[in-house]
Amino acid sequence: MSGCSFIANCPNCGQDCDASVESRPFDHTDYWCYNCGFTATSEVRYMDLEELNEYREDAELEPLKKLPEQDFKY
């Protein structure tokens, strides 16, 4: 992983919280507030066909009949 850690303002309590930005294998930022317990972390997963098609419907895209290849290694 490549990134850096820094202090950010907690979106819940406004106090200082730890944050970490990573750029590999993709850009994401995670937060941990030791004052109020707020946390926001990245979750890497794949949607199943039903969930993917729900999002595709919302985006006015045709539903898929089968999942595309899901082989991203993280």
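Every read-out reported here was derived from the displayed coordinates using simple, explicitly stated rules and does not represent laboratory data. Computed from a predicted model, the values in this text were never measured in an experiment. Using ideal geometry, Cβ is built from the backbone for each residue, glycine included, and neighbour counts are taken over all protein chains shown.
Structure data summary
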quantity	calculated
Rg/Rh (Cα only; Kirkwood hydrodynamic radius) as it applies to the chain	1.14
Taking Glu43, Glu51, Glu22 and counting other C-beta atoms within 10 Å, the order from fewest to most	Glu43, Glu51, Glu22
Peptide ranges 7-13, 67-73 listed from the most packed, as the mean C-beta count within 10 angstrom indicates	7-13, 67-73
Integer Hz, Karplus 6.51/-1.76/1.60 couplings in order for region 3-13, x for Gly and Pro	x, 8, 10, 7, 9, 10, 7, 5, x, 8, 9
Those Cys residues of the chain for which no other cysteine Cβ falls under 4.7 Å	Cys4
Contour minus Cα-Cα distance for Glu51 and Asp27 (0.36 nm per residue)	6.3 nm
In order through region 47-62: 3J(HN,Hα) via Karplus (6.51 cos²θ - 1.76 cosθ + 1.60), integer Hz, x for Gly, Pro	6, 7, 4, 4, 5, 4, 5, 4, 5, 5, 4, 4, 8, 6, 10, 5
Net charge over other residues, Cβ less than 10 angstrom from the Cβ of Tyr34 (K, R count +1; D, E count -1)	-2
Net charge of neighbours whose Cβ lies under 12 Å from the Cβ of Glu51, counting Lys and Arg as +1 and Asp and Glu as -1	-3
Assigned charges on the beta-carbon of Lys, Arg, Asp, Glu; region 3-58 dipole about Cα centre (debye)	320 debye
Ranked list, fewest to most other Cβ atoms within 10 Å of each Cβ, for Glu50, Glu57	Glu50, Glu57
Computed FRET value (nearest 0.05) for Ile7 with Glu43, which takes r as the C-beta separation and R₀ as 22 Å	0.40
